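FYI, it's all coordinate maths here, none of it is from the lab. All of these numbers come straight from a predicted model, not from anything done at the bench. Please note: Cβ atoms are built from the backbone with ideal geometry, for glycine as well, and neighbour counts cover all protein chains shown.
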């Protein structure tokens, strides 16, 4: 069942990863979130400084293809990132929620895609305090974030092998994404054919109606 | 035809966007200070004085100029922030300031005569008499033309004025009363002309109702987008309203300006510079649009026809228009 406010995700490797994540202990998810937050604060403290004017810099970041969401409490001096699973109590009321596929959210975080374009295409949905959302978007876009580099740098000498592992995982992801796209097209093909047939029938009906002689009101049939 | 290339004037809302614009081949970058002195006074956007200094240095190392937009109208009795903005732009070495208010133009021309002055689109100067006035009285070197003119009308203006002209080439469209629009002010009490914000974010609310996206500005529901329908900005001018039992866009439809294929005609019309709109957009938008226009501007200068550029995914409502440049309405 979909969580409230969520749109249906598309079939992607991340959706499958998300299903695999379901049994992961909450403590492991939280440890990963805290590690990411520490790296972000160390490398990009200016993001949090740019948000200092907000009354409540608390955001729910909701990747629709994962069974978790993240609560970002961005207020200095101690910003926090909390991993939430379905049904978890939210520790602080968010000022705004940002929802979208994880890939789009990461591209937005790294400034590789334009937030307005994601909104126009309905890939991204936002609700709550729009001033807070706009401030976060602008702060993040100005920060030159490279997520892989930011997360791997603290690993020190282990960073080299970890980078190679990340590159291999990236290649595997891209391959899986292409394969799943083929699978998705195959699964949807019968439905697509029926939709195409209905389209043609609707066009025919439209044409018939537009060519039919117009009758005046009250005219006998 | 071949000749001098059109100058590409590109937006920057953050230092990262400035670097993206410069790296993608901008000839000049326009930006604003982080306050109400410019018409994109959005949360988290714009430049501190230190960031402007760094931006000017970065642009200068790459042969690019920086223009500072100080294009809102000073509050009655409190011109201080606007005067400081002009002083700081001059002191930090900006190439030009983009101004709209005649009091501020007078201040800039008397205090900083060596600083280039451009007339903002917010001044709505759309005929030779008005433009000559700004040139004669305040030494304005360039006028940013409002998006109300056809290419033929722009050519006629260029032949009659002693200043350069700059025209919008890509990005968001205002309703065609720039500098005089009161829609945002009516709905929210804040306007682009005075406060630098059109439809300020704190007054915007989105609602998801069974897959339909409903956008609200203050207490006005201004649009309902069907599931999957491309969305637009939450401004009243792009609202879809019910009139005569039919929902339609009464002012203008959500679409972005794109005149990339008209660059030869604009060159022929005597235009000096092209403005890319979008200081509120991300650096990915800036990089992609500036790259496409750089390539096309250079091709046109070599006498080639402009090639199509796939900028549709960046457009509002997923649609492009040539707006008034090819006016098909009366």
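Here are the numbers for the structure shown:
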{"item": "Residue A:121/residue B:62 FRET efficiency (R0 45 Å; Cβ-Cβ; nearest 0.05)", "result": "0.90"}
{"item": "Debye intensity ratio I(q)/I(0), log10, the protein assembly as shown, q values 0.06, 0.11 Å⁻¹ (C-alpha model)", "result": "-0.34, -1.09"}
{"item": "Two-site label geometry, residue A:56 and residue B:250: point separation in nm, points 7 Å out along Cα→Cβ", "result": "3.4 nm"}
{"item": "Peptide ranges A:87-98, B:113-124 listed from the most packed, as the mean C-beta count within 10 angstrom indicates", "result": "B:113-124, A:87-98"}
{"item": "Residue-span extension gain [residue A:167 to residue A:26] - 0.36 nm each, minus C-alpha spacing", "result": "48.1 nm"}
{"item": "Per-peptide average of other Cβ atoms within 10 Å, ordering A:189-202, B:30-43, B:184-197 highest first", "result": "B:30-43, B:184-197, A:189-202"}
{"item": "Taking the C-alpha atoms of the range A:157-209, convex hull volume expressed per residue in Å³", "result": "76 Å³"}
{"item": "Partner chain coverage, peptide B:33-44 - average Cβ within 10 angstrom", "result": "3"}
{"item": "Stokes-Einstein D (µm²/s) once Rh is taken as the Kirkwood radius of the range A:73-115 over alpha-carbon pairs, at 37 °C in 0.692 mPa s", "result": "261 µm²/s"}
{"item": "Potential lengthening between residue B:54 and residue B:216 on full extension [0.36 nm per residue; Cα-Cα distance subtracted]", "result": "54.5 nm"}
{"item": "DSSP-defined beta bridges in the protein assembly as shown - what % are antiparallel, rounded to 5", "result": "50 percent"}
{"item": "Cα shape, the range A:6-56, gyration tensor, a/c 1.5 rule", "result": "prolate"}
{"item": "Computed E for residue B:207/residue B:152 - FRET, C-beta separation, R0 51 angstrom, nearest 0.05", "result": "0.70"}
{"item": "Cα centroid separation, the range B:204-225 to the range A:1-73 (Å)", "result": "25 Å"}
{"item": "Whole-angstrom gap from the range A:78-143 to the range B:7-73, using each part's C-alpha centre", "result": "25 Å"}
{"item": "Cα-Cα P(r), the range B:1-93, percent of pairs per 5 Å interval", "result": "3, 14, 25, 22, 17, 9, 5, 3, 1, 0, 0"}
{"item": "Computed lengthening from residue A:35 to residue A:147, 0.36 nm per intervening residue step minus Cα-Cα distance", "result": "39.1 nm"}
{"item": "Over 17 Å [Cα-Cα, the range B:183-249], rounded percent", "result": "42 percent"}
{"item": "With Cα atoms, 0 to 90° folded angle of helix A:159-211 axis to chain A main axis", "result": "20 degrees"}
{"item": "Gyration tensor (alpha-carbon) shape descriptor, the range A:30-95, a/c threshold 1.5", "result": "oblate"}
{"item": "Simple spin-label estimate for residue B:268 and residue A:76 in nanometres, 7 Å along Cα-Cβ", "result": "5.6 nm"}
{"item": "Rounded tilt (10° steps) of A:26-43 against the dominant C-alpha axis of chain A", "result": "70 degrees"}
{"item": "The range B:176-330: Cα Rg divided by the 2.2 N^0.38 Å rule of thumb", "result": "1.19"}
{"item": "Rg/Rg_globular for the range B:259-299, with Rg_globular taken as 2.2 N^0.38 Å and Rg from C-alpha atoms", "result": "1.24"}
{"item": "More than 25 Å apart - percent of Cα-Cα pairs taken over chain B", "result": "51 percent"}
{"item": "Value in Å of the Kirkwood radius, where the range A:13-145 supplies the Cα pairs that are averaged", "result": "15.1 Å"}
{"item": "Inter-chain shielding of B:223-234 (mean C-beta neighbours from other protein chains, 10 Å cut-off)", "result": "2"}
{"item": "Translational diffusion coefficient (Stokes-Einstein; Kirkwood radius from C-alpha pairs) of the range B:23-171 at 25 °C, 0.890 mPa s, in µm²/s", "result": "155 µm²/s"}
{"item": "Alpha-carbon Rg with Dmax, taken over the range A:119-221, Å", "result": "27.0, 89"}
